[in-house]
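The values are calculated or read from the model by the stated rules, or taken from the named source; none is laboratory data. Remember, it's a predicted structure, so these values are computed and weren't measured experimentally. Protein only, heavy atoms only, side chains kept; ligands, DNA and RNA dropped before computing areas. Shrake-Rupley method; radii C 1.70, N 1.55, O 1.52, S 1.80 Å.
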Amino acid sequence: MAKCSACSAPLAANSQICRYCGVRNDIDLSGKYDFSPIGTQTSRICPVCDTPLQTVALEGEQVLQLERCGTCYGLFFDPGEIETLLARTAGSTLAVDRAWLDGINRERYSADARVRYLKCPVCRVLMNRVLYGYRSGVVVDRCASHGVWLDGGQISHLLEWQRAGGRMLANKRPVAKRQSAANAKSATLSTMKAAHDGDSRDWLAVAELLANLLS
């Protein structure tokens, strides 16, 4: 459990603000990564605070540069950078732990979270709100052209999701969908063949099956 940088009290899950002293904490980078600011403030604007973002370099085998707000600690990732950070931090996952995934989302779920639409830090056009990955529980703000904005705490949530096998589970879904579609097509063809060789009652079965596939 993360602790407040000011008073060392435990921080509630998915919360940056200490309920004891009121200090906002950086729970994503500080204490987890070796990072340093690069240059001065950038032309990119924090969509929450409306102030310039700061570029920071995360050390590692490959230096990764991100934009970070020094006030709300939100992070802006260019396309592909989230995946790079998650892969090198969470490492490889050998199995999906569904109980862990359920526990992460149950602990971090906030029923009173306010829905808001934010502007892209680069083009200042409203971004789309999308679920980052299957069963991640993290809704991110995405600009199709420039990248993804994560509020403070969300990258930590995604790291837990990846360690619990969330990425592996998400990657399995397209395969399962294709297999389901193939099975449905095979069943339809078999039923139509039987109808062709049988009587009109079989055509009713065809119609019912097609209706179920399209519903």
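The table below gives the values:
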| item | result |
| --- | --- |
| Protein-only accessible surface order, largest first, of Lys3, Lys172 at 1.4 Å | Lys3, Lys172 |
| Solvent-accessible area of Ser36 with every protein chain in place, 1.4 Å probe, in Å² to the nearest 10 | 50 Å² |
| Rounded percent of accessible protein surface that carbon and sulfur make up, the range 50-106, 1.4 Å probe | 49 percent |
| Per residue accessible area in Å² of the range 51-108, where ligands, DNA and RNA are left out and the probe is 1.4 Å | 50 Å² |
| Estimated D of the range 37-100 in µm² per second, where Rh is the Kirkwood radius over Cα pairs and Stokes-Einstein applies at 37 °C, 0.692 mPa s | 245 µm²/s |
| For the range 78-153, the fraction of alpha-carbon pairs in successive 10 Å shells from zero, as % | 16, 43, 32, 9, 0 |
